[in-house]
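Enquirer: Here's a structure for you.
The values are calculated or read from the model by the stated rules, or taken from the named source; none is laboratory data. Please read these numbers as outputs of a predicted model, since none were measured by experiment. Counting neighbours? That spans all protein chains shown, and the Cβs are built from the backbone with ideal geometry, glycine included. These accessible areas exclude ligands, DNA and RNA; they are computed on the full protein's heavy atoms, side chains included. Shrake-Rupley method; radii C 1.70, N 1.55, O 1.52, S 1.80 Å.
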Amino acid sequence: MSTGTSPTARALRTLEILRARPGTTSEELAERLGVTDRAARRYVAILREAGIPVESERGPHGGYRLRRGTRLAPVAFTQAEALGLVMAVLDGRPAAGEPGDPVGAALDKVVRVLPEEVGRQAAALREHAAAAPDPRAVYADPGVTNTLVEAVAARRRAVITYRSAAGDEWRAEVDPWAVVVRRARWYLLCHSHRSDAIRTFRIDRVLAAEETTTGFRMPADLDPVAVLEAHLGSGWAYPTHVVFDAPLAQVAPWVAGPMGRLEAAGERQCVLRGSTRNPAMYAQDWLSGVPFDFRVVGGPELRAAVAAAAARFAAAVAEPAGPAEPGAPEEHGKPGEPPAPGEVSRSAPAWPRSRPRPSR
């Protein structure tokens, strides 16, 4: 995100850099601001003229730093940063625009302490941007999330109380490896001592979490996102094995991690192997959204689900078997009229052709 190109905006950015990284050299400052070394020193001079005590030290460990004990406002935003923050909050939590929402209350405080012009723009954006709620949205409890993040940072085990989608509850002692945000869902990637295996838990289903005093060792070279994606696509009840008649590079953007592992099978084909707990969803919501020819070569449950979906779509475009019975209506409603409740309009548009949005 751009931090702004005006001298004031870059001077504020300089202040943020020096507060976060004492000892920043003029060369490092210039690189982070995207300006020359001479310009970077000029922005330091602007701060000094404004009465902010910026000290400089020579030598291999030298650089610019704020004088010890300097007290500054807790945060400073450029206009682009402030508007980006409001947009991100409304995008992720539309209810933040409504009175009484805790996230909205926090956003109110941020907007009120912004400089007048920046605050005016942010307040106008929040007031006049209508955010449509996502009916599938779920939110993790901030207190539970904070406990898990602290346990990750401290490398300490945690005890969680979890409620599954089926309503079953249990307690488990886990080594919390990472908290991963994926498509508006918050996940805990961990090693569960209850099952002695890698597990992923949706944090919105964690009812309680408590950090213990027992430490653990983090796996070497852990890539939390890659492990989470791979784990979400394995270990379910029904195996899946699909061959696509297209190269891996073309198919990969359409295949999300929970669908399984996608591998090349020559130059013109690729293979998807995984598992699912819901073959009908896998067939209708996921496979139907991939715009390449495919064959289901493994998983009898998935084969049956794809056949059922194909028959359903084929029936939707089949010619009528014969003339309608006398007195029977030929179509739902008259042209231009909306369908009655429970009916589907024949002119309704197809679903958007976008990447699938898996939801386990």
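Enquirer: With θ set to phi - 60°, apply the Karplus curve 6.51 cos²θ - 1.76 cosθ + 1.60 along region 179-194 and write out the HN-Hα couplings as whole Hz, x wherever there is a Gly or Pro.
Expert: Taking θ as phi minus 60°, the curve returns 9, 10, 9, 9, 6, 6, 10, 9, 10, 9, 9, 7, 9, 8, 6, 5 Hz for region 179-194.
Enquirer: If you don't mind, another one. Just flag the GluC sites (Glu not before Pro) in region 185-280 sitting in loop per DSSP whose Cβ has no more than 14 other Cβ atoms within 10 Å.
Expert: 267
Enquirer: Same structure, new question: Quick one: net charge of residue 88's neighbours, Cβ under 13 Å, K/R +1, D/E -1?
Expert: 0
Enquirer: I want to make sure I understand the PRE zone here: with the label point 7 angstrom from the Cα of residue 211 toward its beta carbon, which residues in region 126-146 have backbone N atoms less than 19 Å away?
Expert: 141-146
Enquirer: Still on this structure: Heavy-atom accessible area of residue 64 with all protein chains present, probe 1.4 Å, nearest 10 Å²?
Expert: 30 Å²
Enquirer: Right, something else. How much of residue 204 can a 1.4 Å solvent probe reach, expressed as accessible area in Å² and rounded to 10?
Expert: For residue 204, the solvent-accessible surface is approximately 40 Å².
Enquirer: When all protein chains stay in place, what accessible area (Å², nearest 10, 1.4 Å probe) is found for residue 141?
Expert: 80 Å²
Enquirer: Now for a different question. On a full-extension model of 0.36 nm per residue, what is the gain between residue 101 and residue 117, subtracting their alpha-carbon distance, rounded to one decimal in nm?
Expert: 3.2 nm
Enquirer: Moving to a separate point now. What is the extension gain from residue 110 to residue 252, computed as 0.36 nm multiplied by their sequence separation minus the C-alpha to C-alpha distance, in nm to one decimal?
Expert: Between residue 110 and residue 252, full extension yields an extra 47.1 nm.
Enquirer: Let me ask another. Assuming R0 = 56 Å, can you tell me the calculated FRET efficiency for the pair residue 57 and residue 297, based on Cβ-Cβ distance, to the nearest 0.05?
Expert: 0.25
Enquirer: Here is a follow-up. What residues have an amide H closer than 5 Å to that of residue 182, excluding those fewer than 5 places away on the same chain, when H is modeled at 1.01 Å from N in the peptide plane?
Expert: 187
Enquirer: By per-residue mean of other Cβ atoms within 10 Å, what is the highest-first order of 18-27, 86-95?
Expert: Packing order, densest peptide first, comes out as 86-95, 18-27.
Enquirer: Using θ = phi - 60° and the Karplus relation 6.51 cos²θ - 1.76 cosθ + 1.60, list the HN-Hα couplings for region 225-235 in order, rounded to whole Hz, with x at every Gly or Pro.
Expert: Coupling constants for region 225-235: 5, 5, 5, 4, 4, 5, 6, 5, x, 9, x Hz.
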